[in-house]
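The values are calculated or read from the model by the stated rules, or taken from the named source; none is laboratory data. Nothing here was measured: the structure is a model prediction, and the numbers come from that model. Cβ: placed from backbone, ideal geometry, glycine included. Neighbour counts: every protein chain shown. Side chains are part of the model used for accessible areas, which takes the heavy atoms of the whole protein and leaves out ligands, DNA and RNA. Shrake-Rupley method; radii C 1.70, N 1.55, O 1.52, S 1.80 Å.
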Amino acid sequence: MTFQAFVQAEPRPWHGLRDDWLVRSFVRRRLPPAVAEAIEPELADLAALAAGPLWDFQRADRQNEPRLTRFDAWGNRADHIELSPLWREAERLAVQFGLTAHPRERRYGPWSRLHQFLLVHLFHPVTDVYTCPLAMTDGAARTLLASGNQALIDRAVPHLTSRDAGSFWTSGQWMTEATGGSDVGLSLTRAEHRDGTWRLYGKKWFTSAATSQMALTLARPDGNGPGGSGLALFYLETRDAQGRLNGIRVERLKDKLGTRKVPTAELTLDGAVAHLVAGQTHGTRSIEPMLRVTRTWNSVCAASFLRHGLGLAEDFATLRFAFGAPLASQPLHRATLDDVDAESAGAFLLAFALVELLGREEGGELDAGEAALLRLLTPLAKATTGKQAAAVASELVEAFGGAGYVEDTGIPVLLRDGQVLPIWEGTTNVLALDLLLRSDLDQGLAALRRRITRACGTLADPGLQAAGTTSLAAVDGAIDWHRATRDPGERQRAARRFILTLGRAFELALLAEHAAAIAHDDDGPAARQACLRFRQLGVGQLPGGPS
Ligand SMILES: Cc1cc2nc3c(=O)[nH]c(=O)nc-3n(C[C@H](O)[C@H](O)[C@H](O)COP(=O)(O)OP(=O)(O)OC[C@H]3O[C@@H](n4cnc5c(N)ncnc54)[C@H](O)[C@@H]3O)c2cc1C
């Protein structure tokens, strides 16, 4: 029997700097020319690695997962976790590209965070969420620096921000217990102070980066009251000088839907020696700098997954034929990808607006209004982009048809790994309530409104002006709802719609502002289209508000 064999040509990722209209135009527009010129070669190198060798490595490594050996042959506890080869390479590259070093080196002053996170954007989708330990490491450095605990700063921060693979440390963040990750005030871990030493006893239910050299964790000093204020923030090193675990047992690794390369463990702390970071109470307050940083990483990673997936989907659309033409030329498929482009561009600009503020804050450049905007944007960007990551990744998988559902194409992982982004670092509901109950909410809303008004002032094109008007109307509608709605139950029930309205409205304004700024460049039409499309996809989520 003879038949005509067909083999589909394989889609490849794009070069995340040169081939992505959004990233290349953002670098040119947002950074001072001298900084853009200085960092572009490094960005281009990492983008080339991500589009070629790392993408191939990621797929070849697909079935390797972290392995826990709990006991050796003679019954001694080993608690050893073997990481996958891709993760070991990811650590080497993270150190080489200084992914946690930039905020401390501050080579480009207030632009250093943009520099760092542009690299993270290119690195993240092809390294199987190695960004998880990096985010916590960056967050731990900031938390220790904010604590003013000089002994711990001197001991740990040089390792966390090192550019030398031999001395680089990652940090875990052990907060969640079986009693709850949202309400960590329920934590049961005890801290006992004896003979001048603190020892921790309890169980940590979700600890990613279980192979880290150190961790920041919460525990309740004996005698303290209940709730978050009775918890203290502790620093511990996971092993002693001889390599023995510090009163820690690794009970098992979680069998998870995604992030399968991330060794997320259940740990028992049985007398782990620890050090207070900043006093014996209010640990949940002391950990806030960590969340500020990890939520920024989460937002960048959400957009990064989507731009990477879009690059693959665009390539597939040129290679795949149906009904006599490539998918790329079929109006409905084109429209589907244009929607992904618009959603992911909005997510990217929102995430990087947050990054820019963070960098300027660390340079002491923010006025009171901008500081309030930064506080508002941290949960807002994390919640909005996290939801987009999961929803749009589903659309991306479908754009590949059946191939998108087949593991060794490298596509399904986008959906499985994207789904964690709305869950960890605060679920959407938790962030929505956090935002709604803030004492400085009015200040933050006023700052957001001023920022959107400023964006609208740059718009000359009528289509972009209409987008600006929609954005402002949605924010005004949300502010009116916030002022008019007093019933606490009703406020909570709509909190998620409130935060997502604000997030999408700001994304629309940023898209319009970006399109106006590059209107005369080659990428102007793509930016304009993304903005108009995003407006059609809808902004307002509150009942009765503008759409
Ligand atoms: C892959 C993975 C890795 C993780 N790694 C870590 C880690 O390294 N360190 C760490 O500390 N944690 C980690 N976590 C835990 C994560 O942060 C928590 O799962 C998350 O914070 C939610 O906590 P929970 O699972 O206890 O859910 P719960 O707190 O039980 O929440 C369940 C649901 O109830 C909702 N909810 C809770 N309270 C309210 C409310 N008042 N109003 C409305 N809705 C509410 C939540 O939004 C959620 O949808 C990890 C989780 C995952 C999935």
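Odds and ends about this structure:
- Residue selection: Thr281 fails the criterion of being modelled with pLDDT of 95 or more, under 21 Å from Leu291 (Cβ atoms) and within 16 Å of the ligand (Cβ to nearest atom).
- Taking the criterion of being part of a loop (DSSP other than H, G, I, E, B) and exposed (fewer than 13 other Cβ atoms within 10 Å of the Cβ), the residues of the range 154-181 that qualify are Asp164, Ala165, Gly166, Ser167.
- Filter result (part of a loop (DSSP other than H, G, I, E, B) and within 14 Å of the ligand (Cβ to nearest atom)) within the range 240-262: Lys254, Asp255, Lys256, Leu257, Gly258, Thr259, Arg260, Lys261, Val262
- The residues of the range 431-440 that are of a type outside the set (Asp, Glu) and surrounded by fewer than 16 Cβ atoms within 10 Å (Cβ to Cβ), listed by number, are Leu437, Ser439.
- In the range 169-205, the residue that is farthest from the chain's Cα centre (by Cα) out of those that are of a type in the set (A, V, I, L, M, F, W, C) and farther than 17 Å from Leu216 by Cβ is Leu188.
- Test: residue in the range 341-361 that is more than 30 Å from Gln443 (Cβ to Cβ), out of contact with any Gly (no Cβ under 7 Å at 6 or more places or on another chain) and open to solvent by less than 10 Å² (accessible area, probe 1.4 Å): yes
- Within the option set Ala474, Ala478, Ala512, Ala526, being crowded, with 18+ Cβ neighbours inside 10 Å, in a helix (DSSP H, G or I) and touching a Lys or Arg at 6+ places or on another chain (Cβ under 8 Å) holds for one residue only, Ala474.
Residue-by-condition table, conditions (1) open to solvent by 30 Å² or more (accessible area, probe 1.4 Å); (2) more than 16 Å from the ligand (Cβ to nearest atom); (3) acidic (Asp, Glu):
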{"site": "Arg416", "(1), (2), (3)": "yes, no, no"}
{"site": "Gln443", "(1), (2), (3)": "yes, yes, no"}
{"site": "Leu448", "(1), (2), (3)": "no, yes, no"}
{"site": "Thr453", "(1), (2), (3)": "yes, yes, no"}
{"site": "Leu459", "(1), (2), (3)": "no, yes, no"}
{"site": "Pro462", "(1), (2), (3)": "yes, yes, no"}
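- Condition met for Asp195 (away from the ligand (no atom under 13 Å from the Cβ) and surrounded by fewer than 14 Cβ atoms within 10 Å (Cβ to Cβ)): yes
- Here Phe97 passes the criteria (1) in contact with a Pro (Cβ under 8 Å, 6 or more places away or on another chain); (2) surrounded by fewer than 22 Cβ atoms within 10 Å (Cβ to Cβ); (3) within 28 Å of Ala345 (Cβ to Cβ) except the one numbered (1).
- Search result, residues across the range 283-321 that are surrounded by fewer than 16 Cβ atoms within 10 Å (Cβ to Cβ) and touching a Gly at 6+ places or on another chain (Cβ under 9 Å): Arg285
- Residues that are surrounded by fewer than 17 Cβ atoms within 10 Å (Cβ to Cβ) and under 19 Å from Ile81 (Cβ atoms), drawn from the range 209-253: Arg239, Asp240, Gln242, Gly243, Arg244, Arg249, Glu251, Arg252
- Lone unmet requirement of (1) polar (S, T, N, Q); (2) away from the ligand (no atom under 13 Å from the Cβ); (3) surrounded by fewer than 18 Cβ atoms within 10 Å (Cβ to Cβ) for Asn149: (3)
- Single residue of Gly283, Gly271, Gly228 found to be over 26 Å from Arg142 (Cα atoms) and either of a type outside the set (Lys, Arg) or out of contact with any strand residue (DSSP E or B) (no Cβ under 6 Å at 6 or more places or on another chain) (or both): Gly271
- Residue in the range 388-400 that is over 30 Å from Gln8 (Cβ atoms) and open to solvent by 20 Å² or more (accessible area, probe 1.4 Å) present: no
- Complete set of residues in the range 198-218 that are outside any loop (DSSP other than H, G, I, E, B) and more than 8 Å from the ligand (Cβ to nearest atom): Trp198, Arg199, Leu200, Tyr201, Gly202, Lys203, Met214, Ala215, Leu216, Thr217, Leu218
- Long-range neighbours under 7 Å by Cβ, at least six apart or interchain, first residue part of a loop (DSSP other than H, G, I, E, B) within the range 416-434, second near the ligand (Cβ under 9 Å from one of its atoms): Gln419/Leu257; Gln419/Gly258; Val420/Gly258; Val420/Thr259; Pro422/Thr428; Thr427/Ser182
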